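The values are calculated or read from the model by the stated rules, or taken from the named source; none is laboratory data. Because the structure is a prediction, the values reported are computed rather than measured. Side chains included, ligands, DNA and RNA excluded: accessible areas come from the protein's heavy atoms. Shrake-Rupley method; radii C 1.70, N 1.55, O 1.52, S 1.80 Å.
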Amino acid sequence: MPLPEIANAEHLIPRDWFAEDGFLPNQKFIEYARPLVEGEIKVPLEGGLPKYVILEKALVEKKLPPRA
């Protein structure tokens, strides 16, 4: 299936993936979603603290007039 047909459309979760109350997911949903979200993120550490990327500042040309 072409990406625009998937990405630019609303995809509803089947009703039978929810509990009778209509709010909580049931086992069918959990079995579908678990492979999509499971796993661990490996955060780089430095001195016991997360090491974040420091981005360079890049000036861009102003394109809009000053706000009134």
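Using modelled amide H (1.01 Å from N, peptide plane; none on Pro or chain starts), what sits under 5 Å from the amide H of residue 18, excluding residues fewer than 5 places away?
26
How much mean residue ellipticity at 222 nm does the chain get from its helices, if each DSSP H run of length 4 or more adds -39500 (n - 2.57) and you divide by all residues, to the nearest 500 deg cm²/dmol? Write down the numbers at each step before the final one.
Values: 2 runs with 16 residues, N = 68.
Per the formula, -6500 deg cm²/dmol.
Note down the accessible area of residue 28, probe 1.4 Å, to the nearest 10 Å².
Only protein atoms counted, so the area is about 100 Å².
If the elastic network links every pair of Cα atoms under 10 Å, which of 19, 33, 58 fluctuates the most in the Gaussian network model of the chain?
Sorting by GNM fluctuation, first place goes to 58.
How would 30, 41 rank on accessible area, largest to smallest, probe 1.4 Å?
Numbers: 30 55, 41 150 Å².
Correct descending sequence by accessible area is 41, 30.
In cubic angstrom, how much convex hull volume per residue do the alpha carbon atoms of the chain span? The partial results should precede the final answer.
Numbers: hull volume 23.2 nm³, N = 68.
Convex hull of Cα atoms, per residue: 342 Å³.
Leaving ligands and nucleic acids out of the surface, order 20, 31 by accessible area at 1.4 Å, largest first. Before the final figure, lay out each step's value.
Working: 20 175, 31 120 Å².
The most accessible residue leads, giving 20, 31.
Quick one: length gained pulling residue 60 to residue 43 fully straight, 0.36 nm per residue minus the C-alpha distance?
On the way: separation 17, 0.36 × 17 = 6.12 nm, distance 3.11 nm.
My answer for the length gained is 3.0 nm.
Once the Cα atoms of helix 27-37 and of the chain are each reduced to a long axis, what angle between those two axes, in degrees from 0 to 90 to the nearest 10, is obtained?
The helix 27-37 is inclined about 30 degrees to the chain.
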